[in-house]
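Note sheet for the following structure.
The values are calculated or read from the model by the stated rules, or taken from the named source; none is laboratory data. None of these values were measured; they are calculated from a predicted model. Neighbour counts run over all protein chains shown; Cβ positions are idealised from the backbone, glycine included. With ligands, DNA and RNA removed, areas are computed over all heavy atoms of the protein, side chains included. Shrake-Rupley method; radii C 1.70, N 1.55, O 1.52, S 1.80 Å.
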Amino acid sequence: LEAKCYDLKNGCGVKETSRLISRLRHRQFGIFVTTSYVSLDAYKEILEDKHPVLILSATDIYQILITKGINTAEKLNQWLLQF
(Lines give C-alpha, C1' and ligand atoms only; values in the text may rest on other atoms or scores of the structure.)
Protein backbone atom coordinates (compact mmCIF):
# COMPACT_ATOMS: atom_id res chain seq x y z
CA LEU A 1 0.00 0.00 0.00
CA GLU A 2 1.27 3.43 -0.95
CA ALA A 3 -0.69 6.52 0.09
CA LYS A 4 -0.07 10.13 -0.91
CA CYS A 5 -1.88 13.16 0.47
CA TYR A 6 -1.30 15.70 -2.28
CA ASP A 7 -3.11 18.84 -3.35
CA LEU A 8 -5.41 18.37 -6.36
CA LYS A 9 -2.99 20.48 -8.43
CA ASN A 10 -0.05 18.13 -7.74
CA GLY A 11 -0.48 14.70 -9.23
CA CYS A 12 1.46 11.53 -8.55
CA GLY A 13 3.90 10.51 -11.23
CA VAL A 14 6.06 7.58 -12.20
CA LYS A 15 8.40 8.20 -9.25
CA GLU A 16 5.61 7.67 -6.71
CA THR A 17 4.06 4.64 -8.41
CA SER A 18 7.44 3.03 -9.13
CA ARG A 19 8.17 2.89 -5.43
CA LEU A 20 5.12 0.68 -4.88
CA ILE A 21 5.75 -1.44 -7.98
CA SER A 22 9.36 -2.13 -6.99
CA ARG A 23 8.21 -3.62 -3.68
CA LEU A 24 5.73 -6.08 -5.17
CA ARG A 25 6.77 -9.70 -5.03
CA HIS A 26 5.46 -12.69 -6.96
CA ARG A 27 1.68 -13.13 -6.57
CA GLN A 28 1.27 -9.85 -4.66
CA PHE A 29 -0.75 -6.82 -5.65
CA GLY A 30 -0.50 -3.21 -4.63
CA ILE A 31 -2.90 -0.45 -3.76
CA PHE A 32 -2.06 3.16 -4.57
CA VAL A 33 -4.22 5.79 -2.85
CA THR A 34 -3.95 9.51 -3.48
CA THR A 35 -5.98 12.58 -2.61
CA SER A 36 -4.92 13.90 -6.01
CA TYR A 37 -4.52 12.08 -9.34
CA VAL A 38 -2.08 9.73 -11.07
CA SER A 39 -0.33 11.17 -14.12
CA LEU A 40 -1.02 9.72 -17.53
CA ASP A 41 2.57 8.44 -17.86
CA ALA A 42 2.39 6.60 -14.54
CA TYR A 43 -1.03 5.16 -15.36
CA LYS A 44 0.14 4.00 -18.81
CA GLU A 45 3.17 2.28 -17.30
CA ILE A 46 1.00 0.36 -14.84
CA LEU A 47 -1.36 -0.74 -17.62
CA GLU A 48 1.23 -1.54 -20.29
CA ASP A 49 3.45 -3.53 -17.93
CA LYS A 50 0.37 -5.23 -16.40
CA HIS A 51 1.35 -4.43 -12.84
CA PRO A 52 -1.25 -5.70 -10.35
CA VAL A 53 -1.99 -2.29 -8.84
CA LEU A 54 -5.34 -0.87 -7.77
CA ILE A 55 -5.48 2.93 -7.95
CA LEU A 56 -7.81 5.02 -5.79
CA SER A 57 -7.64 8.72 -6.60
CA ALA A 58 -9.46 11.80 -5.30
CA THR A 59 -12.36 11.21 -7.68
CA ASP A 60 -12.77 7.61 -6.48
CA ILE A 61 -12.68 8.69 -2.83
CA TYR A 62 -15.26 11.39 -3.57
CA GLN A 63 -17.60 8.93 -5.28
CA ILE A 64 -17.36 6.46 -2.39
CA LEU A 65 -18.20 9.17 0.14
CA ILE A 66 -21.14 10.47 -1.92
CA THR A 67 -22.49 6.92 -2.29
CA LYS A 68 -22.39 6.60 1.51
CA GLY A 69 -24.33 9.87 1.92
CA ILE A 70 -21.31 11.81 3.13
CA ASN A 71 -21.82 14.90 0.99
CA THR A 72 -20.89 17.81 3.26
CA ALA A 73 -17.84 18.76 5.30
CA GLU A 74 -19.93 18.43 8.47
CA LYS A 75 -21.00 14.88 7.61
CA LEU A 76 -17.42 13.98 6.75
CA ASN A 77 -16.18 15.31 10.10
CA GLN A 78 -18.89 13.37 11.95
CA TRP A 79 -17.99 10.19 10.08
CA LEU A 80 -14.27 10.62 10.77
CA LEU A 81 -14.90 11.16 14.49
CA GLN A 82 -16.26 7.62 14.72
CA PHE A 83 -12.73 6.31 14.29
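Points worth noting:
- Conditions (1) of a type outside the set (Lys, Arg); (2) outside any loop (DSSP other than H, G, I, E, B); (3) in contact with a helix residue (DSSP H, G or I) (Cβ under 8 Å, 6 or more places away or on another chain): number failed by Asp60: (3)
- Here Leu8 clears all of (1) in contact with a Phe, Trp or Tyr (Cβ under 9 Å, 6 or more places away or on another chain); (2) modelled with pLDDT of 95 or more except the condition numbered (2).
- Of the criteria (1) farther than 24 Å from Asp7 by Cβ; (2) within 11 Å of the chain's Cα centre (by Cα), which one Leu47 fails: (2)
- The range 4-54 - residue that is of a type in the set (S, T, N, Q) and not in a loop (DSSP other than H, G, I, E, B) and, of those, most open to solvent (accessible area, probe 1.4 Å): Ser22
- Filter pass, Phe83 being in a loop (DSSP other than H, G, I, E, B) and either under 12 Å from the mean Cα position of the chain (by Cα) or not basic (Lys, Arg) (or both): yes
- Any hit, the range 63-74, residues being over 20 Å from Cys5 (Cα atoms) and open to solvent by less than 40 Å² (accessible area, probe 1.4 Å): yes
- Cβ separations smaller than 8 Å between residues 6+ apart or across chains give the following pairs from the range 54-75 residues that are closer than 30 Å to Thr17 by Cβ and touching a residue at least 12 places away in the same chain (Cβ under 8 Å) to residues that are of a type in the set (Phe, Trp, Tyr) and exposed (fewer than 13 other Cβ atoms within 10 Å of the Cβ): Leu54/Phe29.
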